[in-house]
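The values are calculated or read from the model by the stated rules, or taken from the named source; none is laboratory data. These figures come from a predicted structure and were not determined experimentally. A quick note on method: Cβ atoms are made from the backbone with ideal geometry, for glycine too, and the neighbour counts reach across all protein chains shown. Note: areas computed on protein heavy atoms with side chains; ligands, DNA, RNA excluded. Shrake-Rupley method; radii C 1.70, N 1.55, O 1.52, S 1.80 Å.
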Amino acid sequence: MKNYYQKEIETASYEEIRKIQNEKIVKQVRYVYDNVPYYRNLMEKKGVSPEDIKSVDDIKKLPFLTKDDLREAYPYGLLGTDLKNCVRIQSTSGTTGKRVVAFYTQKDIDMWEECCARAIVAAGGSAEDVVQVCYGYGLFTGGPGLNGGSHKVGSLTLPMSSGNTDRQIQFMMDLDATILCCTPSYAAYIGESLAERGYKPKDNKLKAGIFGAEPWTEEMRQGIEKSLGIKAYDIYGLTETSGPGVAFECEEQTGMHINEDHFYAEIIDPDTGEVLPEGEKGELVFTSLDKEGFPLLRYRTKDICILSRKKCSCGRTHVKMTKPLGRSDDMMIIRGVNVFPSQIEAVLLKEGYPPNYQIVVDRVNNSDTFDIYVECTPDRFSDKISDMQAQEKKLNLAMRSMLGIGPKIHLVAPKTIERSEGKAVRVIDKRKLH
């Protein structure tokens, strides 16, 4: 039997979804124009008024918002209502620069938690489940979002937050957790830690995991599924649009359904801003159709992906996005070559290394240096320098084949690269490029 949290809307026809979006966008543009002077100014500069927006087809007339706008308008410049109507803030982790602060009314929080509830039910969750939330709580959206979604579903919620892996494992085993929510790198670490303590995948009661907040590959998914004995589902979100739950995977695991009754998605050419047709790869742009506290229109996410309306076996009709295939802003240009961390991760997993690595880029005598520190698995780590050098050489060739340039590989002992309990910091770019 197929389960949905809100079946009517999750399985609505394309025409019904379009009708909802058209009604909401007309209202939302008027709301933003009247309540957010910063965006009204952008609209006036572009010569567009609320009357010009009659449906989502007209959305391309509106100006974009970028992270630079959010920084410039910090903290209250994009607030869409009186502060007294807001009940919470959340904030980005600041891994790519100055923090972004987002405001929520109670209606915004209810909508966000419903989106997370849809994700939990899509992963097989129900009121019978025990949901262990190991995303960070506090300003980071991961913990509060999944916590609220779990409550809406009626599951027993373990609000663990991140870290303290001994305690995570104790509660997981003692309280028979069935659904795990955390970053993929932390899920992999929990899998490693369980194995070290002598547990086999069949010893836990977990059946599913909902993992997001950082990029991960199919190979990493398979590794997590094997180590924990679960099905691993992707979830996508941004603090700017609410948090996790903007899009989520169903049992088909072939992309994430975007909650189109709340978020309108476009794919654009990152260089020209031109809207691309369905099936083309480009930068994902989101419009919040009914946010009150922080109502962003045409927000450029910098995530590169593809949208598809191909019929899904789960019965959900909302458009699907692929996993982000990289970011238009985390692409590093090293010695003139475009390099994405996701490419490096794919090579490591293919070569049998865990996805615990760090990329260090620097500039010495006007030339880029490119080092990758990679953890060995215990069975590969050796005291013999010649063994390690042979492995480093092999990995260097695999990287060169994928990237077009050869990094210097440093194989390090297991557990020496710091484990992330939030978003993993994979790239350290020491070059002064500005």
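Here are a few things to note about the model shown:
- Given (1) on the phi > 0 side of the Ramachandran plot; (2) open to solvent by 10 Å² or more (accessible area, probe 1.4 Å), index of the condition GLY245 fails: (2)
- Qualifying positions in the range 212-251 - touching a Lys or Arg at 6+ places or on another chain (Cβ under 7 Å), touching a residue at least 60 places away in the same chain (Cβ under 8 Å) and of a type in the set (Asp, Glu): GLU214, GLU219, ASP234
- Any hit, the range 323-335, residues being closer than 30 Å to GLY282 by Cα, open to solvent by less than 30 Å² (accessible area, probe 1.4 Å), among the small types (Gly, Ala, Ser) and in contact with a strand residue (DSSP E or B) (Cβ under 9 Å, 6 or more places away or on another chain): yes
- Test for VAL347: is it open to solvent by less than 30 Å² (accessible area, probe 1.4 Å), touching a residue at least 12 places away in the same chain (Cβ under 8 Å), in a strand (DSSP E or B) and not charged (D, E, K, R): no
- Residue match in the range 19-32 (condition: part of a loop (DSSP other than H, G, I, E, B) and open to solvent by less than 60 Å² (accessible area, probe 1.4 Å)): no
- Of all residues in the range 383-405, those being modelled with pLDDT under 90 and open to solvent by less than 50 Å² (accessible area, probe 1.4 Å) number 2.
- In the range 361-375, residue farthest from the chain's Cα centre (by Cα) [restricted to those that are surrounded by fewer than 19 Cβ atoms within 10 Å (Cβ to Cβ) and within 18 Å of LYS393 (Cα to Cα)]: THR369
- The range 190-211, residues that are in contact (Cβ under 8 Å) with a residue 60 or more places away in the chain, charged (D, E, K, R) and outside any loop (DSSP other than H, G, I, E, B): GLU192
- The set of residues in the range 325-340 that are in contact (Cβ under 8 Å) with a residue 24 or more places away in the chain, assigned to a loop (DSSP other than H, G, I, E, B) and either touching a Lys or Arg at 6+ places or on another chain (Cβ under 9 Å) or polar (S, T, N, Q) (or both) comprises LEU325, SER328, ASP329, ASP330.
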